[in-house]
Number of protein chains: 2
Amino acid sequence: MATGSTQGSPRRGRPGYDQETVLRRAIDVFIRQGYDATSVGDLARELGLTKSAIYHHVPSKEHLLALALDEALDSLEAVIDEASRPQDGSAYERLRTAVRESVAVLVAHLPSVTLLLRVHGNSEVELRALARRRQIDERLAALVQEAVDDGSLRRDIAPDLISRLIFGTVNSLVEWYRPDGPVDAQVLAGAVATLAFDGLAVRP
Amino acid sequence: MATGSTQGSPRRGRPGYDQETVLRRAIDVFIRQGYDATSVGDLARELGLTKSAIYHHVPSKEHLLALALDEALDSLEAVIDEASRPQDGSAYERLRTAVRESVAVLVAHLPSVTLLLRVHGNSEVELRALARRRQIDERLAALVQEAVDDGSLRRDIAPDLISRLIFGTVNSLVEWYRPDGPVDAQVLAGAVATLAFDGLAVRP
């Protein structure tokens, strides 16, 4: 339909990418071959740009990493912010909602969350992201502690371990879940919450 | 005490490593910097050997990877072999034991299991390991199905998803568990089984 159209007039040899597209493609490459092993040249090749043209789109590799990690962290932070309002229900209800919402964030932002979970702290950007992630984990652990304290979670497992296990289960989804696969995101969120809080065994 | 001893007479500049030590150190390097990014030269440096001396100890990088992956896979296969004997109890009992035993294997073989979980299939050795791993996963999934069929696991979550979630939870332990940390391996195995089968919520 738009054959021969000059709309948007992308210059020859320099496709007219927007920042969002560049970011998505960069995240894919970072996940596929590892952030450290990816050069700006690799990103240029992925986008079909020359190495000098890439800087029109990409200030630096680290800038793209920072955008991706902020996307994941902002979304996860919003989950724990919402779960921290006592007027919204018991600690148990808010924790259970936080688990479901964390799964929803992971599904909606799968590539950036995957990247976040693989960050090892090799740069300033990564260290800042790890510090923010640790803060989120601590706030979730505090919510678990609250639910143990008010008697709604079992006391025979240490609250810290409970927290590790629940959010380890959530994080493990990045290893196999694919949004275009057979499992619906809502079903997944419900299943994780059911497993963690209700257990899989049928009550006698 | 053994100062000046010539016992074992390691040649100058060629420390007398046994195969086991070489393997352990290689696995550590593979995990730290990624298998693909590790050269035989890196392994030589790690062991304090010259690049030509390393071949006295290491036939090839891939040989070490194969040994590491076999260690993890043999141990995990033993777990599902044991869980596949109907005379040993109900499907539910055997599945619950398999979960605990999988955690025990993960703790006892943490580096090699970590390596296994990061394999992406970039070589023959890795593809063979992935095929073996898939077979183990399928046998575990069949055991889950058996436990659903005999009415001991809930039917409102698809058996495939149950299986993914349980063993995703087990696998996620490699991300944070450290044998020298505060959590005992037996306590960990029990906590994972409790979370998965009984759930964390206190029954009203």
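What follows draws every value from the coordinates through simple rules; no lab data is involved. On a predicted model such as this, the values are computed, not experimentally measured, just so you know. All Cβ positions, even for glycine, are placed from backbone atoms using ideal geometry, and neighbour counts span all protein chains on display.
Assorted remarks:
- Size of charge dipole - chain B - debye, nearest 20, with Cβ of Lys, Arg +1 and Asp, Glu -1, no other charges: 740 debye
- Look at B:Ile80, B:Ile136 and count the other Cβ atoms within 10 Å of each Cβ; fewest to most, that gives B:Ile136, B:Ile80.
- Kirkwood estimate for region A:66-119, i.e. one over the average of 1/r between Cα atoms, Å: 11.5 Å
- A simple charge model with +1 on the Cβ of Lys and Arg, -1 on the Cβ of Asp and Glu and nothing else charged puts the dipole of region B:29-143 at about 220 debye relative to its Cα centre.
- Formal net charge of residues neighbouring A:Arg178 (Cβ-Cβ distance under 14 Å; K, R +1; D, E -1): -4
- Restricting region B:124-189 to chymotrypsin sites (Phe, Trp or Tyr not before Pro) in coil, as DSSP defines it, with at most 14 other Cβ within 10 Å: B:Trp176
- The local environment of A:Leu116, defined by Cβ-Cβ distances under 13 Å, has a net charge of -2 under the rule Lys, Arg +1 and Asp, Glu -1.
- In the assembly of identical copies, B:Arg134 has its label point, taken 7 Å from Cα in the direction of the beta carbon, separated from the corresponding points by 4.0 nm (ascending, one decimal).
- Packing-based exposure ordering (other Cβ within 10 Å, fewest first) of B:Ser172, B:Ser90, B:Ser152: B:Ser90, B:Ser152, B:Ser172
- Using just its DSSP H runs of length 4 or more, each adding -39500 (n - 2.57), chain B gives a mean residue ellipticity at 222 nm of -20000 deg cm²/dmol after division by all residues.
- Put simply, the C-alpha atoms of the protein assembly as shown give a gyration tensor, and the ellipsoid matching it has half-axes of 36, 35, 21 Å, longest first.
- Kirkwood estimate for chain B, i.e. one over the average of 1/r between Cα atoms, Å: 19.2 Å
- Restricting region B:147-204 to trypsin sites (Lys or Arg not before Pro) in coil, as DSSP defines it, with at most 13 other Cβ within 10 Å: B:Arg155
- Footprinting exposure proxy ranking of A:Thr50, A:Thr97, fewest other C-beta atoms within 10 angstrom first, gives A:Thr50, A:Thr97.
- For chain B, built as a Gaussian network whose Cα springs stay under 10 Å, the top-fluctuating residue of B:Glu101, B:Glu20, B:Glu93: B:Glu20
- Unit charges on C-beta of K, R, D, E only; dipole of the protein assembly as shown, Debye: 1240 debye
- For B:Ala91, neighbours were defined as the other residues whose beta-carbon sits under 9 Å from its Cβ, and their charges (Lys and Arg +1, Asp and Glu -1) total -3.
- Listed by chain and number, the lysines placed with their C-alpha closer than 20 angstrom to that of A:Lys61 are A:Lys51; residues fewer than eight positions away on the same chain are left out.
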